[in-house]
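Just so you know, all these numbers are worked out from the coordinates, no wet-lab data involved. Computed from a predicted structure; not experimentally measured. No Cβ is skipped: glycine too gets one built from the backbone with ideal geometry, and neighbour counts run over all protein chains shown.
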Amino acid sequence: EKFCYFYIIILFFIIQAPDAVRWVKACLSQNCIPPGALLVGYDSDKEEIYAARAEHEGDIVPAKFIPSKGACYIAYDGEELAKDQFEVLVPMELCWQEAYDGAVPPNAVKAGSAADGEVLYFGRVCHNAAYIPGKVH
């Protein structure tokens, strides 16, 4: 039997205030990190990865922004796609909560949505000593 787990961002607050998280517009030409951006981990090269999201084919998809590589990527249809226009997550106060088998904890931060209305969440897994962020749905 396959056992899989991941971490997902949740809010400390019971009630999600409108200003609990902000998504700040960014683009690669600016090559800057908004103050307070959420660092989600490091890739295998030990480069910082920040929580982001980008639009693709009518979906708003959780993404990873790697400033040192001048890149923002989404996972879509089994591929990793580079995006130039994106938003970076700037939270007030968040923590990571362990979750299993696709279960989404209460107060999980909504990171996007599919064109069909399905809510997408921002999660991460530890693989080869690197935290890899991505979408949870």
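Among L39, I66, A54, flag the residue with its Cα farthest along the positive direction of the charge dipole of segment 28-136, charges on Cβ as +1 for Lys/Arg and -1 for Asp/Glu.
The one lying farthest along the dipole's positive direction is L39.
Evaluate the distance, in nm, between pseudo-label points positioned 7 Å from the Cα of S68 and of S29 along their respective Cα→Cβ axes.
Simple spin-label model gives 2.7 nm for this pair.
Does anything in segment 89-126 have its amide N under 19 Å from the 7 Å Cα→Cβ label point of E79, and if so which residues?
The answer is 115.
Can I get the semi-axes of segment 28-136's equivalent ellipsoid? Compute them from the C-alpha gyration tensor as square roots of 5 times the eigenvalues, in angstrom, largest first.
Those come to 20, 17, 14 Å.
Based on Cβ point charges of +1 for Lys and Arg and -1 for Asp and Glu, what charge dipole magnitude is obtained for segment 28-136 about its Cα centre, in debye rounded to the nearest 20?
Numbers: 8 positive and 17 negative charges, 68 e Å.
The calculation lands at about 320 debye.
In whole angstrom, note down how far apart the Cα centers of segment 77-103 and segment 104-131 are.
Spelled out, the Cα-based centre of one part sits 5 Å from the other.
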